[in-house]
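For reference, the structure discussed in these notes is given below.
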Amino acid sequence: MKLVFAGTPEVAVPALDALIASRHEVVAVVTRPDAPAGRGRRLVASPVAERAEEAGIEVLKPVKPRDEEFQARLREIGPDCCPVVAYGALLPKSALEIPAHGWVNLHFSLLPAWRGAAPVQHSVMAGDEVTGASTFQIEQGLDSGPVYGVITEDVRPTDTSGDLLTRLAFAGSGLLVATMDGIEDGSLQPVPQPLDGISLAPKITVEDAQVDWNAPALRVDRIVRGCTPAPGAWTVFRDERLKLVQAGLATDRTDLAPGELSAGKNNVYVGTGSHAVELLWVQPQGKKPMKAADWARGVRIAPGELLTKADVR
């Protein structure tokens, strides 16, 4: 088939590579416009745009997919299908109707679970033991279209959302190619999603990423892992934000009050609503990530000192 691929971040690149290597022809790529990045805030092309340019593929960067100039070019290209991975913009009905086989999204959950922008983060934070990826026909509803295929992936006890998303990006790329193959030869027909089991996965906010030390240790651990690498779990120490890069469960420490710190030569523990967690890596405000023990030595934690919550407005 003649394909126009839509995607933006690094996580979409494995799928683009897999489609380029497939029997199908990727004739163009749709991605978000260049965005300011780095200290100089200079405009930078998306990872998908950079990969497409390396491969000599036409790149389309509409401000909005409803732009008539973009849709006119898409009609000129006349794609058979538009595979999508983390494009990042809503597609209007007029754009959805252009390709003969529609737009097919690779979504990183087992639909209808975790519909929305942050399925992997929510899966880790909810303590799911198994998740996966689904390919489905995009329609006007939020991730509600009929499903072509799924793969499953175990959620490991120490997985961050970044770890899990990386594995799903590569495994899901094979699913997306297989879906294109099945659409082309007619062996795949999408199946409507069940009406039960629907859960939503909205974007994780800064407030969502703040740790509540009154929560059980297992919940704290899931928040830290689910919010890593973005937006980053955090707490407050001496009126400044402290990002929690990596933590672990410390089931043998039950002597600390919620938020109470205990620092030894090589370990830093903090109390929760159940047993303690061990801080492994932290990032103080305005500094680079560092081992928690090195941070604790530098700030000289006083007995009974606490990590606290801040008002987020």
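The values are calculated or read from the model by the stated rules, or taken from the named source; none is laboratory data. Predicted model only: the values in this text are computed from it and were never measured. We place every Cβ from the backbone using ideal geometry, glycine too, and count neighbours over all the protein chains shown. Remember, those area values only see protein heavy atoms, side chains included, never the ligands or the DNA or RNA. Shrake-Rupley method; radii C 1.70, N 1.55, O 1.52, S 1.80 Å.
Numbers below:
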{"quantity": "Sites Asn266 and Leu90 - FRET efficiency at Förster radius 51 Å, r taken between beta-carbons, to 0.05", "calculated": "0.55"}
{"quantity": "Listed residues Ser94, Ser134, Ser22 arranged by accessible area, highest first, probe 1.4 Å", "calculated": "Ser94, Ser22, Ser134"}
{"quantity": "Spin-label model distance (nm) - Ser274 vs Lys287, 7 Å beyond Cα toward Cβ", "calculated": "3.1 nm"}
{"quantity": "Apportionment of accessible area to carbon and sulfur, the chain, percent (1.4 Å)", "calculated": "52 percent"}
{"quantity": "Percent RCO, i.e. relative contact order, over the range 10-169, from Cα pairs under 8 Å lying at least 6 residues apart", "calculated": "17 percent"}
{"quantity": "Most mobile of Val85, Val147, Val236 in a GNM of the chain (Cα contacts under 10 Å)", "calculated": "Val236"}
{"quantity": "Kyte-Doolittle mean at least 0.0, axial Cα span of 15 Å or more - DSSP H helices of the chain", "calculated": "161-185"}
{"quantity": "Where chymotrypsin sites (Phe, Trp or Tyr not before Pro) fall in DSSP loop in the range 235-309, at most 12 other Cβ within 10 Å", "calculated": "none"}
{"quantity": "Antiparallel %, DSSP beta bridges [both residues in the chain], to 5", "calculated": "70 percent"}
{"quantity": "Net lengthening on full extension, Val44/Val299 (0.36 nm per residue, minus Cα-Cα)", "calculated": "88.1 nm"}
{"quantity": "In the range 155-256, the GluC sites (Glu not before Pro) that fall in loop regions by DSSP, at most 14 other Cβ within 10 Å", "calculated": "Glu207"}
{"quantity": "Under 5 Å, built H, 5+ apart or other chain: amide partners of Tyr148", "calculated": "Thr135, Phe136, Gln137, Val191"}
{"quantity": "Amide proton proximity set for Leu242, modelled H, under 5 Å, gap of 5+", "calculated": "Thr235, Val236, Phe237"}
{"quantity": "Pairwise label distance in nanometres, Lys64 with Ala100, each label 7 Å out on the Cα-Cβ vector", "calculated": "3.1 nm"}
{"quantity": "Zone of Ile20's modelled label, taken as backbone nitrogen in the range 45-65 under 15 Å from a point 7 Å along Cα→Cβ", "calculated": "46-60"}
{"quantity": "FRET efficiency, 1/(1 + (r/R0)^6) with R0 41 Å, evaluated for Arg73 and Arg238 via beta carbons", "calculated": "0.15"}
{"quantity": "The range 4-154: antiparallel DSSP beta bridges as a percent of all, rounded to 5", "calculated": "55 percent"}
{"quantity": "Backbone N under 11 Å from the Glu10 label point (7 Å along Cα→Cβ), restricted to the range 163-203", "calculated": "163, 166"}
{"quantity": "D_trans [Stokes-Einstein, Kirkwood Rh over alpha-carbon pairs] for the range 172-223, 4 °C, 1.567 mPa s, µm² s⁻¹", "calculated": "84 µm²/s"}
{"quantity": "Most to least accessible of Arg32, Arg219, Arg115 (protein chains only, probe 1.4 Å)", "calculated": "Arg219, Arg32, Arg115"}
{"quantity": "Nearest-0.05 FRET efficiency for Asp196 and Ala310, computed from C-beta distance (R0 41 Å)", "calculated": "0.60"}
{"quantity": "Average accessible surface area per residue within the chain, 1.4 Å rolling probe, Å²", "calculated": "49 Å²"}
{"quantity": "Restraint check, Lys243/Lys288; Lys243/Lys287; Lys203/Lys287, Cα-Cα greater than 21 Å", "calculated": "Lys203/Lys287"}
{"quantity": "Solvent-accessible area of Lys291 with every protein chain in place, 1.4 Å probe, in Å² to the nearest 10", "calculated": "110 Å²"}
{"quantity": "Extended-chain gain in nm, criterion 0.36 nm per residue less alpha-carbon gap, Glu54 and Ser144", "calculated": "29.0 nm"}
{"quantity": "Solvent-accessible ranking of Arg300, Arg253, largest area first, probe 1.4 Å", "calculated": "Arg300, Arg253"}
